[in-house]
Amino acid sequence: MRPFIMCIGIVSIFLASFASAHFAADEPKAPAPATAPATVKGLWADFDPRQEPLDTKVVREWEQGGIVYRDLTFHIGTFREKPARMAAFFGFPKGAKKLPSLLHLHGGGQRAVLHEVEFYAKRGYACLSINWGGREMENGKAGDPNTNWGAIDPTQKNVPGYFNLKPGEQYLDPFESPRNNNWYWLTLGARRGLTFLEQQPEVDADRLGVYGHSMGGNLTVYVAGSDDRVKTAAPSVGGSGFRTEPWPLLPQVTLERPNGDVKLFKATIGFESYAPHIKAPLLWLGSTNDFHGIMDDTYRTSELIPHQNVRFSFTPHMNHRFTPDFAVTRPLWFDQYLKGSFRFPQTPDSKLILNTEDHVPELQVTPDSSQPVADVHIYYAVDPDARARFWRSAEARKSGDTWTAKLPILAIDRPLFAFANVTYPLKKAESEPYARPTEQYAISSLLRMAIPEDLQRNDVKATDSPDLLIDDFAHGWRDWYQLEAANPHHWEFSTRKLADPKWQGPMGQKLMLDIEAEEPNDLVIVLTENFFRSYRGKSQEFVAVVRLNGGKETQTVSLAPKDFKTNDGEALSSWTNIDLLSLRAYYEKDGKLLGSKSWAGGQPKFRKLWWQGS
């Protein structure tokens, strides 16, 4: 299912909605309108985020490493005669005045984050991390005040509220309205956070930025699209629009509809309705296979931002995560637009050329060469489902300032997608709150696409062929993503290559692996069927455990579909619907552990992965 999926922790709610609310003013106000606002502008027309006093109360204050921290609460508003308050962490370098400042918006299932405040305070910013979800504050003590929304509940305890427009006990308007949606309240609370920042003596009110991940990415787009005080924004894996619209290339995807008028929801809650109102420069961080910040829709939404001062940084192969050279773009982006101490290159120019002499499509990429270019990576794919598609690495050739790569395909009845990542060196190693220091950063080109009709009209030929060799690891983990790669016991290496028709497992073939291990161990291989493809069938994980002999000699492993089983003992019937292959030190689910959390010796060396007839 594409929209409206809820996950806790690293993933988050999957949808598009928005938040705002009425404040009880000190002086009488006109009564709320009897009909719902029908546009973004109308939704926010009668809301002044500065109107009510903040009534800030400091729970505790402390100093550490030259940074002043405050655990505090402030008044959001009064809704249905009950006041609402927001808890937050605020931090800044001791003694500093008139600093650039950032509003951090946490993701689903998370809470205000001290580490975010610390990181940016040490970088010379004042930072406010609000606790919109209401979870217990980090280092909180019994009896500490926390976020309290009063008569409403836009937290994840009220999940239906993210889809809702209709009236109810926890909502504001007695008629169908976007003010009966959680995102309205959350955005309103975040905008009050901007009011808090601009009133602090440590903050330069003319240099405010906003950022967040996942659900926080959603909120970032909502805030940037409704509040002109935002001078720059950097959402990650969130805020991509068109959630209520069918996928043109995947009509079989079943959409869940909001509880109320779909057109009203789209016009007042849909991200695509906020993008045209964004005036601030925007960096969109993404991962190519994200389940929540859909890559294709992120680009599509960005096209609606009028100023087009937008950059993209998409980590290949990952879902809801970034590697350091992509993650670091966010603090660099803030340095450019809030400090003037960095300058981003322009988005790489890219052209998808279909009408070629050899009938093979190609992507031409010309990076901004005002800075030295470290490398150019060109990717292409043929899967219409952005969440599961495998991005092939194309071999790029440089001529002058342009890199060109051929994109051979197996058939012309599938769409073709292509983009490029350009890496640039940094003058010194830089970091990000959750990433290792890196000496380079990467930005992405626009996403280029051709549908089958385009391929046929331009006389593109199918010149590629299936390949039984999945990987000989000559390029390391280029076609994989790695989790805990440096951990000697908890590593996991995964690829979506088996979802690509070029490497899909043929009927009657076995999965073969050449591997070397220093010590005897159990290697766990996990195959995931229908990964985020509920339209095709149930998503299941099938696991095989292989005993490695050790001794550093190459060992050949041979596995048939029946060797892979679910936790319930169901055997895999075929390779047909496999979307993900993972090589792991262990697998743990429902209290059952396969493999070991104490891998013996160094990590194994993978030499070859291929298909072979029985």
Test result for Val58, in contact with a Cys (Cβ under 6 Å, 6 or more places away or on another chain) and closer than 19 Å to Glu198 by Cβ: no
Single residue of region 113-132 satisfying the filter (closer than 28 Å to Asp153 by Cα and out of contact with any Leu (no Cβ under 9 Å at 6 or more places or on another chain)) that is surrounded by the most Cβ atoms within 10 Å (Cβ to Cβ): Asn131
Residue within region 362-378 that is among the charged types (D, E, K, R) and more than 27 Å from the chain's Cα centre (by Cα) present: yes
Strands (runs of 3 or more DSSP E) lying entirely in region 332-427 (those with 2 or more residues that are closer than 22 Å to Leu285 by Cα and either outside the structural domain of Phe531 (by TED's automatic domain parsing) or in contact with a strand residue (DSSP E or B) (Cβ under 9 Å, 6 or more places away or on another chain) (or both)): 349-353, 362-366, 375-381, 392-394
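Out of the residues in region 299-331 that are part of a helix (DSSP H, G or I) and of a type in the set (S, T, N, Q), state the one that is farthest from Ala280 (Cα to Cα). Step through it out loud before you land on a result.
At the first step, the residues of region 299-331 found to be part of a helix (DSSP H, G or I) are 299-302, 324-327, 329-331.
When the remaining residues are screened for being of a type in the set (S, T, N, Q), the result is 301-302, 329.
Details: Thr301: 15, Ser302: 12, Thr329: 17 Å.
Out of the qualifying residues, it is Thr329.
Just checking, which of Asn164, Asn158, Asn182, Asn218 is more than 27 Å from Val117 (Cα to Cα) and either buried (at least 22 other Cβ atoms within 10 Å of the Cβ) or touching a residue at least 40 places away in the same chain (Cβ under 8 Å) (or both)? Before you say what the answer is, go through the steps one by one.
Working: Asn158 fails: either buried (at least 22 other Cβ atoms within 10 Å of the Cβ) or touching a residue at least 40 places away in the same chain (Cβ under 8 Å) (or both); Asn182 fails: more than 27 Å from Val117 (Cα to Cα); Asn218 fails: more than 27 Å from Val117 (Cα to Cα).
On inspection, the qualifying residue turns out to be Asn164.
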Residue ID - surrounded by the most Cβ atoms within 10 Å (Cβ to Cβ), chosen from residues in region 289-298 that are hydrophobic (A, V, I, L, M, F, W, C) and part of a loop (DSSP other than H, G, I, E, B): Ile294
Every pair of residues 6+ apart whose Cβ atoms lie under 6 Å, when the first sits in region 304-325 and is of a type in the set (Asp, Glu) while the second is surrounded by fewer than 23 Cβ atoms within 10 Å (Cβ to Cβ): Asp325/Thr438; Asp325/Gln440
Test: residue in region 467-476 that is under 30 Å from Thr254 (Cβ atoms) and touching a residue at least 12 places away in the same chain (Cβ under 8 Å): no
Subset tally (residues that are more than 32 Å from the chain's Cα centre (by Cα), farther than 23 Å from Asn148 by Cβ and touching a residue at least 40 places away in the same chain (Cβ under 8 Å)) for region 67-96: 1
Single residue of Ser214, Ser226, Ser177 found to be among the polar types (S, T, N, Q), at pLDDT 95 or above and under 23 Å from Phe326 (Cβ atoms): Ser214
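Yes or no, residue by residue, for (1) buried (at least 22 other Cβ atoms within 10 Å of the Cβ); (2) among the hydrophobic types (A, V, I, L, M, F, W, C); (3) more than 23 Å from Phe312 (Cβ to Cβ); (4) without any contact (Cβ under 8 Å) to a residue 60 or more places away in the chain:
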position	(1), (2), (3), (4)
Asp206	no, no, yes, yes
Gly209	yes, no, no, no
Ala233	yes, yes, no, yes
Pro246	no, no, yes, yes
Scope region 233-251; condition within 10 Å of the chain's Cα centre (by Cα) and under 22 Å from Leu208 (Cβ atoms); matching residues: Pro235, Ser236, Gly238, Gly239
Search result, residues across region 481-506 that are surrounded by 14 or more Cβ atoms within 10 Å (Cβ to Cβ) and of a type in the set (S, T, N, Q): Gln482, Ser494, Thr495, Gln504
Residues of region 48-58 that turn out to be buried (at least 16 other Cβ atoms within 10 Å of the Cβ) and in a strand (DSSP E or B), as a count: 0
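The values are calculated or read from the model by the stated rules, or taken from the named source; none is laboratory data. Small disclaimer: the values here were computed from a predicted structure and weren't measured. Backbone-built Cβ (ideal geometry, glycine too); neighbour counts: all protein chains shown.
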